[in-house]
1. Any idea which residue in the range 40-59 is nearest to the ligand (Cβ to nearest atom), counting only those that are open to solvent by less than 40 Å² (accessible area, probe 1.4 Å), of a type outside the set (D, E, K, R) and more than 14 Å from the chain's Cα centre (by Cα)?
2. Could you list, in sequence order, all residues of the range 135-162 that are crowded, with 24+ Cβ neighbours inside 10 Å, more than 12 Å from the ligand (Cβ to nearest atom) and under 15 Å from the mean Cα position of the chain (by Cα)?
3. State all residues of the range 1-29 that are modelled with pLDDT of 90 or more and open to solvent by 90 Å² or more (accessible area, probe 1.4 Å); if no residue qualifies, say none.
4. Mind counting the residues in the range 122-134 that are in contact with a helix residue (DSSP H, G or I) (Cβ under 9 Å, 6 or more places away or on another chain), more than 19 Å from GLY183 (Cα to Cα), open to solvent by less than 60 Å² (accessible area, probe 1.4 Å) and not aromatic (Phe, Trp, Tyr)?
5. Do we have any residue at all in the range 179-187 that's within 12 Å of the ligand (Cβ to nearest atom) and either under 20 Å from ALA79 (Cβ atoms) or outside any helix (DSSP H, G or I) (or both)?
6. Which residue is farthest from GLU55 (Cα to Cα), if the candidates are limited to the range 78-107 and must be within 14 Å of the ligand (Cβ to nearest atom) and buried (at least 19 other Cβ atoms within 10 Å of the Cβ)?
7. Would you kindly identify the strands (runs of 3 or more DSSP E) lying entirely within the range 26-122 that contain at least 2 residues that are without any contact (Cβ under 8 Å) to a residue 60 or more places away in the chain and within 28 Å of GLY200 (Cβ to Cβ)?
8. Look through the range 188-200, keep the residues that are aliphatic (A, V, I, L, M) and more than 9 Å from the ligand (Cβ to nearest atom), and return whichever of them is nearest to LYS160 (Cα to Cα).
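The values are calculated or read from the model by the stated rules, or taken from the named source; none is laboratory data. The model shown is predicted, which means the values in this text are computed figures rather than measured ones. Heads up, the Cβs are rebuilt from the backbone with ideal geometry, glycines too, and the neighbour counts pull from every protein chain shown. Note: areas computed on protein heavy atoms with side chains; ligands, DNA, RNA excluded. Shrake-Rupley method; radii C 1.70, N 1.55, O 1.52, S 1.80 Å.
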Amino acid sequence: MFLYFYFTVEGVDFVKLLEEKILKDGHVGQGNVLKVDSFLNHQIDVGFIAEIGKEFYNLYKDEKITKILTIEASGIGIACLTAQYFNVPVVFAKKTPTINIYADIYTSKVSSFTHKKEYDIYVSKQFLNENDRVLIIDDFLAKGSALEALIKLIDAAGAKTVGAGIVIEKAYQNGGKIIRDMGIRVESLARISEMTEENGVVFCD
Ligand code: 5GP
C-alpha cells in the first residue's frame, strides 16, 4: 500500500515539503513563468493540495470565513480542497460572462502576467454580499493584479476581505507589497526570492 509520506509524518514542516516538490517537479519556463503543471496547474495532486488547504485552514480558522473566492481556472481546485475544512462555499470569478445583465454582476479588470493581456472577471451578485467574510485563494502571486481585481469585487459587494492564501509568491515581484500595503493579510506558503531559467528557483529564508 502506497501512502504519501506527508500524511504520515507528524509535525512535519509542510512549507519545506512544498519547496522540495517545487524544486523536484517544477521548472522555470520562458517569460519568467514557473511551471508546476504536474501537481498544481494541469494535473492536480489531490492529496498534496488538500494538505495545502489544511495549512490555509490553520492560518485562517479563527476568522469566521463565510466564503472562499478564487479565479478560474487554476484557483478552483485549490479553493475547493481548502473550503472542505472551512465548510463554506467556493465562488470563482469567471473570465467569460455567462450572465448577460450587467446589473446582476460585479466586474473588475485583471492584467495577466502569464498571458500578457487584460481581461475582465465577473461574479454574480447572488454569490457575494455585505455579510460575507471572504478568504481569497490563488495559486500564484506575482504583480498582484489578480488579487487586486478579486478584492475590488469583494469591495463592490460590500463584503470584507479577510485575507489571501497563496500557494507560491514570487516575492521578487511587487504584488505582495502592494496588497499588504493595502492592509490586507497575505499568507504565502512558498516564497521565491529569485528565479531564472539558468539557475532555477531560490526560496526566501
Ligand atoms: P499577478 O496578477 O499577481 O501578476 O499574477 C497572478 C496570476 O498569474 C496567478 O493567478 C497565476 O495564474 C498567474 N501566474 C503568475 N506568475 C505565474 C508563474 O510563474 N507560473 C504560473 N503557472 N502562473 C503564474
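1. First, pick out the residues of the range 40-59 that are open to solvent by less than 40 Å² (accessible area, probe 1.4 Å): 40, 45, 47-53, 56.
The next check asks that each one be of a type outside the set (D, E, K, R); those that pass are 40, 47-50, 52-53, 56.
Restricting the remaining residues to those that are more than 14 Å from the chain's Cα centre (by Cα) gives 47-48.
Numbers: GLY47: 20, PHE48: 16 Å.
Going through the qualifying residues, I end up with PHE48.
2. Passing the criteria: only LEU135.
3. To start, the set of residues in the range 1-29 that are modelled with pLDDT of 90 or more comprises 13-29.
Residues satisfying the conditions are LYS16, GLU20, LEU23, LYS24, HIS27.
4. In the first step, residues of the range 122-134 are kept if they are in contact with a helix residue (DSSP H, G or I) (Cβ under 9 Å, 6 or more places away or on another chain); the result is 122-126, 128, 132, 134.
When the remaining residues are screened for being more than 19 Å from GLY183 (Cα to Cα), the result is 122-126, 128.
If we keep only those that are open to solvent by less than 60 Å² (accessible area, probe 1.4 Å) as well, we get 122-124, 128.
Filter once more, keeping what is not aromatic (Phe, Trp, Tyr): 123-124, 128.
Total meeting the criteria: 3.
5. Looking only at the range 179-187, we keep the residues that are within 12 Å of the ligand (Cβ to nearest atom), and these are 179, 186.
Pick out the ones that are also either under 20 Å from ALA79 (Cβ atoms) or outside any helix (DSSP H, G or I) (or both) and you get 179, 186.
The answer is yes; a qualifying residue exists.
6. My answer is ALA93.
7. Working: elements: 27-29, 33-35, 67-71, 90-93, 105-111.
Output list reads 105-111.
8. Here is the first cut: in the range 188-200, the ones aliphatic (A, V, I, L, M) are 189-190, 192, 195.
Narrowing further to those that are more than 9 Å from the ligand (Cβ to nearest atom): 189-190.
Numbers: LEU189: 22, ALA190: 25 Å.
Selected residue: LEU189.
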